[in-house]
Structure formats: C-alpha cells, structure tokens
1. In this structure, is residue 133 surrounded by 13 or more Cβ atoms within 10 Å (Cβ to Cβ), small (Gly, Ala, Ser) and touching a Gly at 6+ places or on another chain (Cβ under 6 Å)?
2. Give the residue that is nearest to residue 62 (Cα to Cα), with candidates limited to residues of the stretch 73-103 that are at pLDDT below 85 and outside any loop (DSSP other than H, G, I, E, B).
3. Pairs only if they're at least six apart or on different chains, beta carbon under 8 angstrom, first in the stretch 54-67 and in a helix (DSSP H, G or I), second open to solvent by less than 100 Å² (accessible area, probe 1.4 Å); list them, first residue then second.
4. Is it the case that the stretch 112-129 has a residue that's touching a residue at least 40 places away in the same chain (Cβ under 8 Å) and either open to solvent by 60 Å² or more (accessible area, probe 1.4 Å) or in a helix (DSSP H, G or I) (or both)?
5. Take the residues in the stretch 20-33 that are under 18 Å from residue 52 (Cβ atoms) and open to solvent by less than 40 Å² (accessible area, probe 1.4 Å); name whichever of them is modelled with the highest pLDDT.
6. Can you find even one residue in the stretch 103-111 that is open to solvent by 60 Å² or more (accessible area, probe 1.4 Å), within 26 Å of residue 18 (Cα to Cα) and of a type in the set (D, E, K, R)?
7. Checking the conditions here, which among 166, 156, 134 is modelled with pLDDT under 85 and in a helix (DSSP H, G or I)?
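The values are calculated or read from the model by the stated rules, or taken from the named source; none is laboratory data. For clarity, every value in this text was computed on a predicted model and none was experimentally measured. When we count neighbours, we look across all protein chains shown, and the Cβ atoms used for this are built from the backbone with ideal geometry, even at glycine. Calculation scope for accessible area: heavy atoms of the full protein, side chains included, ligands and nucleic acids excluded. Shrake-Rupley method; radii C 1.70, N 1.55, O 1.52, S 1.80 Å.
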Amino acid sequence: MGMGSGGGTRPGKKIGVWGMVVVGFFWVHGGIYGNEAMLMAGPPLYVFIMLGVVPFVYSLPIALIVAELSTAFPEDGGYVVWVQQACGRVVGSHHAYWVWVIYVVDAAIYPVLVAQYVDTMVPMSEFRRGILSTALVGMVTGINLLGTDVMVKFNTLLAAVSLAPTVLFVAIGMPRLEPERTLVA
C-alpha cells in the first residue's frame, strides 16, 4: 500500500527496536556459546577490550554502509539488489544464488552445534543427534511459518534463556573478581 494523497494507510509495524536487537543478536552472533575458547586463548582483559572495540572498528562502518545503501535503494532484497544495480543482472543473479547457498550451509550448522552441546550433557548416539538436529530444524521452520511476530517472541525468549546463565555467573563471580588476574594468560 502506498502512502500519498490516495488515502492509503501505513502498514502496521511488525518488529520493534527490541525485536530487531534480538533478531540481530542471533543472526549475526548466533548466541553467546563458543566464547569459552576465545577467553582461554588470551588474557581476559585483552579479550574483553577486543569484544568492545571490534564492533566499532569492523561492524559500525558496515552498518553505516548498509544504512546508506538501504536509503538509496529502498526495496526488499538488500545487498542482492545493490550488486545487481552495480554489476548487472547476470552478476546479481550469481550473487543471489551464492548468498542463498551460504545461508543454507550456515543454517545447517546450528542444529548440529546444539545437538553436540546437548550430547556433552546427555550422551547420545550419532543417530539420536541426527534426530535432535532434524527436530530442531522442524521446530524452527514451524515457528518461522507462524509469522514474524511469533518468531520475534520466540527469539526474545531464546535470548533471555541463553543469556540468563551468563548474567547469573557474572553476578556470582563479581565479588570474587581479582583484577590483577585479568592480565595473566
């Protein structure tokens, strides 16, 4: 529906700011798991400094580029549209295909990772891990088919559940913090 003198109405807002933050957290970061190895690889102080610096040095310029291009080309499709506009239909089509392949492969990683995490707590055979991975794909597909609102609510619940242990451990560990140990590898 268009906006203008024709009397069209503005479509309802599907995702608020918090919903975008939650979706972005899982889309870009995939959650908080996996950071253990990073913290063991170097002095914690340096790791935390890098976790604070990298988003501004790497991600902020990309976010600004995306904001500018989204304003210049206000249509669905994101960087697939931008590549097509800059390089033509053939290159744009190839780009769209390879982006799709990347997302399919990337999406296939997460159910396997979840099954491996569960396997560390509840030992399972390879077959059962495969069943769990397949069930996770089916569950997430069903949630996505229910619509954006349901998906955002599920992601918000998932963010709260996955961040709760981190918040709990930080609260428990803060009184025992020894700042001089943060420089030791």
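1. Here the answer is no, as residue 133 does not meet what is asked.
2. Result: 79.
3. Pairs found: 66/78; 66/79.
4. First pass over the stretch 112-129, keeping only residues touching a residue at least 40 places away in the same chain (Cβ under 8 Å): 113, 117.
From what is left, the residues that are either open to solvent by 60 Å² or more (accessible area, probe 1.4 Å) or in a helix (DSSP H, G or I) (or both) are 113, 117.
Yes.
5. 24
6. no
7. Going through 166, 156, 134 in turn, the sole match is 166.
Here is a yes/no grid of residues against (1) over 27 Å from residue 182 (Cα atoms); (2) acidic (Asp, Glu); (3) open to solvent by less than 90 Å² (accessible area, probe 1.4 Å):
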site: 49; (1), (2), (3): no, no, yes
site: 55; (1), (2), (3): no, no, yes
site: 58; (1), (2), (3): no, no, no
site: 63; (1), (2), (3): yes, no, yes
site: 68; (1), (2), (3): yes, yes, no
site: 73; (1), (2), (3): yes, no, yes
site: 80; (1), (2), (3): yes, no, yes
site: 88; (1), (2), (3): yes, no, yes
